[in-house]
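Novice: This structure is in structure tokens; I'll ask about it shortly.
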Amino acid sequence: MNKVEIKSKRLIFNDFFKIQEAILRYLRFDGKMSEPVRRLVFERGDAVAAIILNRDSQKVVLINQFRYPTYEKGPGWMLEVVAGILEQNETPEDALRRELTEEIGYRAGDLTHIATFYVSPGGSSERIMLYYAEVGETDRIAAGGGLASEGEDIQFTEVALPELWSALDAGEIMDAKTIIGVMWLRRKLEGECKVRSRIQHKFRFWHRALCWLRAQ
């Protein structure tokens, strides 16, 4: 038995974004098929995003831009990680490298995949593929700021790590992908710090032991 039975499907809004209507039945947890239900899907394609660490300044590169859907409930201007829509026939990595150059003017080397997740699975098919990347001052190859042809007006800024952790803890970051990226980065850096501390502790122990042996 199929878990989902699609009775009908049609596009009811077709613009930059699309809305699809489906009439369907699905397999319930009691083993029975549901009655026909109407569901709407907001289609805007998948997206890529990245939390970027400048290894030279040890600061995180974020962008700020006007987001009309957040205007009425606030804040309107959002502090976010670099992100953009995945174009047709484009790999996530290629899309991300393009967005990095367009928005902040950097090229990135290695890209580390953090997670792929749905933004709002109750109404949207969009997934975000989130990555981590490091850049340095020699990787700056363009002005950034977004594409004027698409009406973009993007300001990018570098945020010190303690300031970023404080903003996260205070609830000042209101963008989901950015929250996930910042939490992942803090855990990564804290883990690396603990490893270095253990190595330093072992080194100090063996150094003291060697000095004691030499003194005998």
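Novice: Of the residues 21, 35, which single one is modelled with pLDDT of 95 or more, outside the structural domain of residue 139 (by TED's automatic domain parsing), touching a strand residue (DSSP E or B) at 6+ places or on another chain (Cβ under 8 Å) and assigned to a loop (DSSP other than H, G, I, E, B)?
Specialist: 35
Novice: With (1) of a type in the set (Asp, Glu); (2) under 19 Å from residue 185 (Cβ atoms); (3) not in a helix (DSSP H, G or I) as the list, and residue 90 as the residue in question, which single condition is left unmet?
Specialist: For residue 90, the exception is condition (2).
Novice: Hey, among 188, 194, 177, which residue is part of a helix (DSSP H, G or I), under 24 Å from residue 68 (Cα atoms) and among the charged types (D, E, K, R)?
Specialist: Exactly one of 188, 194, 177 is part of a helix (DSSP H, G or I), under 24 Å from residue 68 (Cα atoms) and among the charged types (D, E, K, R), namely 177.
Novice: Can you tell me which residue within segment 94-123, out of those that are over 15 Å from the mean Cα position of the chain (by Cα) and free of Cβ contacts under 8 Å to residues at least 12 places away in the same chain, is surrounded by the most Cβ atoms within 10 Å (Cβ to Cβ)?
Specialist: So the residue we want is 94.
Novice: So which pairs qualify, if the first residue must be in segment 138-162 and more than 29 Å from residue 189 (Cα to Cα), the second must be of a type in the set (A, V, I, L, M) and surrounded by 11 or more Cβ atoms within 10 Å (Cβ to Cβ), the Cβ gap must be under 7 Å, and the two must be at least 6 apart or on different chains?
Specialist: 146/154
Novice: Please tell me if residue 85 is surrounded by fewer than 17 Cβ atoms within 10 Å (Cβ to Cβ), closer than 30 Å to residue 163 by Cβ and among the hydrophobic types (A, V, I, L, M, F, W, C).
Specialist: yes
The values are calculated or read from the model by the stated rules, or taken from the named source; none is laboratory data. A quick note: this is a predicted structure, and the numbers were derived from the prediction, not measured. Note that each Cβ is placed from the backbone with ideal geometry, even for glycine, and that neighbours are counted across all protein chains shown.
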